[in-house]
């Protein structure tokens, strides 16, 4: 397949976003020819890492951060990190991983590589691999097939090595239980809250303070680059609204897709109670005994759904009474499948043993294998044909209209001819909502690459193309003080109010030696002591406050219970004093309900830790040289 793919011509009009494919854009062993004259940023056991590799990584990382967090938050994040160092560290790790894989003679076969490529959705059209699309995608991303295939082979080879390292990681049930109890402690807190807003009224900054604050925090007020566009969306439904397929076309589509779309195998609607079990023989036997006891209760008339809610350890279905819905053969564990397809409606299975535990099933309904008659699905067939026709028109029109636009025809004339709307959203920045499209990072990123006056086909995250014209662009700038004086005033007042709240909280904390003293201290300060009530600290939410990671960490390290946390904690500008009044382990029922999923998650975390330790070991044994001057030059442009 790889050689055949290269025979297809590139289509210069395709616009597939870089984010549509997860790639490793690092090419190993570059050190000859033209690049041999380039001074490397680093070398790893003699293998060079070149400036263009680091620069590309920095650029892509910055775009990802901006796209994920928005321009303002991204600016704050980028001020706190050195992207150059982070990217170089990743490149060094990748180099070490590949070198070790080569040392162990690990290599991904051509057949495996072909399969991975064919299964990537970005290379598929209508659910099947499309060779021409494969070439087009790579062309748009400035890659040759040989480059992409070698890059993907590197990525897959690294995955092979990682699998070798992590395969042996084992988590015992005892260790998992210990970790579960640490993470799912039930806790309760009393606290005093000092909102910064309570201090705003007493703050009156001078003009000098405002001016000084503006100078010191000018970057905080920077306006991001913005762009104004007009675009046409080629709506297949609208383009095909006057299309009416003939009876012959309807019949042909129905017959061609009868088995794939309109034929349904036998299915059963089933509930189940699942009891997860470990590999330990004693513990497994105990779980099996509990399963048999549940079967006896069910045979005596116990409500299956109620029993599932009480005893099942399948967290995904437990609260729905064990409801799995309709299931077909080939989608379940073999032993479970063999059992349920023998049952009649209302019947209950015995205990079904599977590798991960014990199951009990109840069949509620049987749906025989059948095919939908044409009359029952005629509207669905017509809709499918209309959509197909509309997509064909859209694909043809987009190519024709792009050529017309590049030759000077206006998008308004094109839209009118096609019976479509010409959308003209207001100026927007990366991360902001675009009228008619929403917040679409890939679309925005590609639009910002275009110069003013340029016309191109631009795709969104879902691969939908739009014919886009860039009408105008506004460069990023810092507004003059006079333009944003009120914004500066608001920011300074909040900063000073937060500091005042923090200072007052520290004064009060100094007076509180035990949780019992909180009430008196709060009352004397005109404040109230609030309580969270009991909650599971593994959750993200702290009752009455919200997501508060720093508090969660403080709870974990608090030695005395009850006891006062001996530092002021801040959340959204407000200051808090906390006393931990209760801390107890989760219940046995909670553990049994979550055991299987938690062990799986913990094993994955341990595997990642093992992999990190392995890579760090490679790093310790490697000979690594870094040109800090070259790296500083690259990082300085971030």
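The values are calculated or read from the model by the stated rules, or taken from the named source; none is laboratory data. Just so it is clear, the structure is predicted and the values come from calculations on it, not from any experiment. Quick reminder, even Gly has a Cβ in these numbers, built from the backbone with ideal geometry, and neighbours come from all protein chains shown.
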*Would you mind listing the strands (runs of 3 or more DSSP E) fully within the range 458-575 where at least 3 residues are modelled with pLDDT of 95 or more, touching a strand residue (DSSP E or B) at 6+ places or on another chain (Cβ under 8 Å) and buried (at least 18 other Cβ atoms within 10 Å of the Cβ)?*
465-474
*Could you count how many residues in the range 309-322 are closer than 23 Å to residue 173 by Cα and part of a helix (DSSP H, G or I)?*
3
*Residue list for the range 367-386, restricted to those being closer than 27 Å to residue 329 by Cα, loosely packed, with under 12 Cβ neighbours inside 10 Å and out of contact with any strand residue (DSSP E or B) (no Cβ under 7 Å at 6 or more places or on another chain)*: 368, 373, 376
*Would you point out which residue out of 133, 143 is surrounded by 15 or more Cβ atoms within 10 Å (Cβ to Cβ) and in a helix (DSSP H, G or I)?*
133
_Is it the case, given these coordinates, that residue 171 is surrounded by 15 or more Cβ atoms within 10 Å (Cβ to Cβ) and farther than 26 Å from residue 459 by Cβ?_
yes
*Residue check: is residue 393 over 30 Å from residue 222 (Cα atoms), touching a helix residue (DSSP H, G or I) at 6+ places or on another chain (Cβ under 9 Å) and not assigned by TED's automatic domain parsing to the domain that holds residue 293?*
yes
*Please name all residue pairs, on different chains or six or more residues apart, with Cβ atoms under 8 Å, provided the first residue is in the range 107-130 and is loosely packed, with under 11 Cβ neighbours inside 10 Å and the second residue is modelled with pLDDT of 85 or more.*
119/129
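Taking the stated definitions as given, is residue 488 in contact (Cβ under 8 Å) with a residue 24 or more places away in the chain and under 39 Å from the mean Cα position of the chain (by Cα)?
On the way: in contact (Cβ under 8 Å) with a residue 24 or more places away in the chain: yes; under 39 Å from the mean Cα position of the chain (by Cα): yes.
The answer is yes for residue 488.
Of all residues in the range 421-449, which are within 18 Å of residue 239 (Cβ to Cβ) and either out of contact with any strand residue (DSSP E or B) (no Cβ under 7 Å at 6 or more places or on another chain) or surrounded by 20 or more Cβ atoms within 10 Å (Cβ to Cβ) (or both)? If you could, list the steps in order and put the result at the bottom.
So in the range 421-449, the residues within 18 Å of residue 239 (Cβ to Cβ) come out as 421-423, 436.
Once the filter is applied, which keeps residues that are within 18 Å of residue 239 (Cβ to Cβ) and either out of contact with any strand residue (DSSP E or B) (no Cβ under 7 Å at 6 or more places or on another chain) or surrounded by 20 or more Cβ atoms within 10 Å (Cβ to Cβ) (or both), the range 421-449 yields only 421.
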_Search result, residues across the range 423-457 that are assigned to a loop (DSSP other than H, G, I, E, B), out of contact with any helix residue (DSSP H, G or I) (no Cβ under 7 Å at 6 or more places or on another chain) and farther than 24 Å from residue 137 by Cβ_ = 424, 425, 426, 427, 432, 433, 435, 436, 452, 453
*Give the residues of the range 296-305 that are out of contact with any strand residue (DSSP E or B) (no Cβ under 6 Å at 6 or more places or on another chain), surrounded by 11 or more Cβ atoms within 10 Å (Cβ to Cβ) and assigned to a helix (DSSP H, G or I), sorted by residue number.*
297, 305
*Does residue 168 satisfy the criteria of being within 31 Å of the chain's Cα centre (by Cα), farther than 23 Å from residue 579 by Cα and in a loop (DSSP other than H, G, I, E, B)?*
yes
*Inspect all residues belonging to the range 338-358 and state whether any of them is out of contact with any helix residue (DSSP H, G or I) (no Cβ under 7 Å at 6 or more places or on another chain), touching a residue at least 24 places away in the same chain (Cβ under 8 Å), surrounded by 14 or more Cβ atoms within 10 Å (Cβ to Cβ) and assigned to a strand (DSSP E or B).*
no
*Which fully enclosed helices (runs of 4 or more DSSP H) of the range 60-124 have 2 or more residues being touching a helix residue (DSSP H, G or I) at 6+ places or on another chain (Cβ under 8 Å) and modelled with pLDDT of 85 or more?*
83-103, 110-119
*State yes or no: is residue 202 modelled with pLDDT of 90 or more and farther than 30 Å from residue 470 by Cα?*
yes
